[in-house]
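Undergrad: I have a structure here, written as C-alpha cells, and I will follow up with some questions on it.
No lab work stands behind these numbers, since they all come straight from the coordinates. If you're wondering where the values come from, they're calculated on a predicted model, not measured in any experiment. Cβ atoms come from the backbone with ideal geometry, glycine included; neighbour counts cover every protein chain shown.
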Amino acid sequence: MKQNVLFLFCLVVSGPAWADSTIDPAHPYAYGANIGWLNARGDIANGAGLGQSYCTGYVWSANCGWIVLGNGPTNGWQYGNAAADDWGINHDGEGRLSGYAWGANIGWVTFEQVQGQPRVNLLTGNLSGYAWGANVGWIGLSNAQAFARTTRLDAGPDSDADGIPDYWEYREAGDLGTLSDGGHDQDSDDVPDADEYPADTDPLVDTDLLQIVSITTASGTNNVAWTTRPTRFYRVEATNALPAATDIGWADVGGGLIGPPASSPTKVAIPDEGNRGRFYRVQAVIPLGE
Ligand SMILES: [Ca+2]
Ligand SMILES: [Ca+2]
Ligand SMILES: [Ca+2]
C-alpha cells in the first residue's frame with residue numbers, strides 16, 4: 001500500500017466520548033511502515049483504553065484517521081468478533097491482545113497471537129508485537145525508537161457498585177446478580193465473592209481459592225507454596241508473631257511482586273530466621289490495577 005493512496009481516503013471520523021485513555025503520555029506511539037506514526041493516546045478523551053478483559057477507545061493516525069479498538073462487548077466481558085455490532089480487541093488477562101480493530105479509512109486491523117503476538121507486559125505496561133491490516137501491512141506496537149505503554153488496565157464499569165467489575169461478574173457468573181458484596185460467599189469456600197475477584201479464583205467453585213497449600217522447612221529455608229493464577233502477581237509477607245491488627249507487623253519476605261506464575265501452586269524459598277513462630281500470608285495483586 002502506498003502512502004499517497006491512503007491520503008486520498010483520509011477523512012475525519014468522530015466517535016463517541018469514552019473514558020480517559022490509559023496510555024502513558026510519554027509513550028503513546030506505535031508505527032506502521034506504510035502509515036507512519038500512530039498515537040494510541042489520541043486526544044486523551046478518545047484515546048485507547050486497555051482493560052483487564054477488553055479494550056476500548058481509539059488510536060489516531062495522522063495519515064488514516066481514527067482506528068477503533070471497540071465500544072464495549074455486548075456480553076459485558078469479551079468481544080465475540082462474529083457480529084457487526086460486537087467487535088474489538090480482547091485481553092486474555094495474561095497480556096495477550098486479540099481481535100479486530102476498525103479504521104473507517106483502512107478497514108480491519110487484526111490482532112492475533114500466531115504471527116503478530118501483540119501483548120502488554122503485565123508488570124511494565126509496555127506493549128509489544130504487531131497488528132496487521134490488509135490495507136496497511138504490519139503496525140508495530142514497539143520498535144527501536146519508541147513503544148506504546150499503558151499505565152493501567154481498566155476494570156471497566158461496576159454497575160451494581162459491589163466492588164466486583166461487570167466483566168468479571170458476567171464472565172464468572174453470567175449475570176450481575178449472583179455475586180455481591182457484604183461478605184456474600186456464593187460457593188461457601190470462606191472467601192467472599194468480592195475477594196475472589198482480586199485473586200481471580202472461581203467464585204462458583206469451592207475448591208478454587210487463594211490459599212497457602214504447604215510450608216516446609218529444609219536446610220535453613222522455609223518453602224512456602226500457594227495457589228496461583230497466571231493473571232495475577234503475588235506478594236508474600238511474614239511476621240514473627242500474629243499481630244492484633246491485620247496490617248501491622250507484616251513485612252515483605254523480599255521477593256516483591258512475584259509472577260505472573262506459569263503454573264500453580266507456586267513456591268518461594270525464604271531464609272529461615274530461626275524463629276520458633278513464623279507466620280506467612282500471600283496477597284494477590286491485580287496487574288496494573290487502578
Ligand atoms: Ca459489580
Ligand atoms: Ca467464595
Ligand atoms: Ca472459589
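Undergrad: Would you please give the residues with an amide H less than 5 Å from that of Tyr54, counting only those at least 5 places away or on a separate chain, with H modeled from the backbone geometry?
TA: Those lying under 5 Å, H to H, from Tyr54 are His91.
Undergrad: Any chance you could list the semi-axes, whole Å, largest first, of the equivalent ellipsoid that the Cα gyration tensor gives for region 212-285, using √(5λ)? Display every interim value, and only then the final one.
TA: Details: eigenvalues 82, 49, 18 Å².
Taking √(5λ) for each Cα gyration eigenvalue gives 20, 16, 9 Å.
Undergrad: To continue, here is another question. Checking the a/c ratio against 1.5 first, then a/b against b/c, what shape does the Cα gyration tensor give for region 3-140?
TA: Working: a/c = 1.33, a/b = 1.26, b/c = 1.05.
Rounded is the answer for region 3-140, as its axis ratio a/c remains below 1.5.
Undergrad: What's the whole-number percent of alpha carbon pairs in the chain lying beyond 30 angstrom?
TA: Numbers: 16772 of 41905 pairs.
Of the Cα pairs, 40 percent sit more than 30 Å apart.
Undergrad: Would you mind calculating the relative contact order of the chain from Cα pairs under 8 angstrom and at least 6 residues apart, reporting the percent as a whole number?
TA: On the way: 710 pairs, mean separation 37.5, N = 290.
Relative CO of the chain lands at 13 percent.
Undergrad: Using a 10 Å cut-off around each Cβ, can you sort Val59, Val282 from fewest to most neighbouring Cβ atoms? Don't skip to the answer; put the middle values down first.
TA: Details: Val59 30, Val282 20.
Fewest-to-most ranking of Val59, Val282: Val282, Val59.
Undergrad: Can I ask one more? Along the Cα→Cβ direction, 7 angstrom out, place labels at Asp92 and Thr239. What is the inter-label distance in nm?
TA: In this crude label model, Asp92 to Thr239 measures out at 3.9 nm.
Undergrad: Quick one: work out the % antiparallel among DSSP beta bridges in the chain, nearest 5.
TA: Details: 61 of 63 bridges.
DSSP beta bridges in the chain are roughly 95 percent antiparallel.
Undergrad: ³J(HN,Hα) across region 120-126 via Karplus (A = 6.51, B = -1.76, C = 1.60, θ = phi - 60°), whole Hz, x for Gly/Pro?
TA: Those phi angles translate into 10, 6, 5, 8, 9, x, 5 Hz.
Undergrad: Please give the calculated 222 nm ellipticity per residue for the chain, where each DSSP H segment of at least 4 residues contributes -39500 (n - 2.57) and the sum is spread over every residue; nearest 500 deg cm²/dmol? Before the final figure, lay out the partial values.
TA: Numbers: 3 runs with 21 residues, N = 290.
Helix-only estimate at 222 nm: -2000 deg cm²/dmol.
Undergrad: Another question, if that's okay. Amide H to amide H under 5 Å from Asp158: which residues, 5+ apart in sequence or cross-chain, H placed 1.01 Å off N in plane?
TA: Sorted by chain and number, the residues that satisfy this are Asp166.
Undergrad: Let me know the charge dipole size of the chain about its Cα centre in debye, to the nearest 20, where only the beta-carbon of Lys, Arg (+1) and Asp, Glu (-1) is charged. All intermediate terms of the calculation are to be shown ahead of the outcome.
TA: Values: 14 positive and 34 negative charges, 356 e Å.
Dipole size: approximately 1700 debye.
Undergrad: Another question, if that's okay. For region 156-205, what does the alpha-carbon gyration tensor say about shape, rounded, prolate or oblate, given a ≥ b ≥ c as the root eigenvalues, a/c under 1.5 as rounded, and a/b over b/c as prolate? Provide the component values of the computation, followed by the final result.
TA: On the way: a/c = 1.62, a/b = 1.44, b/c = 1.13.
Prolate.
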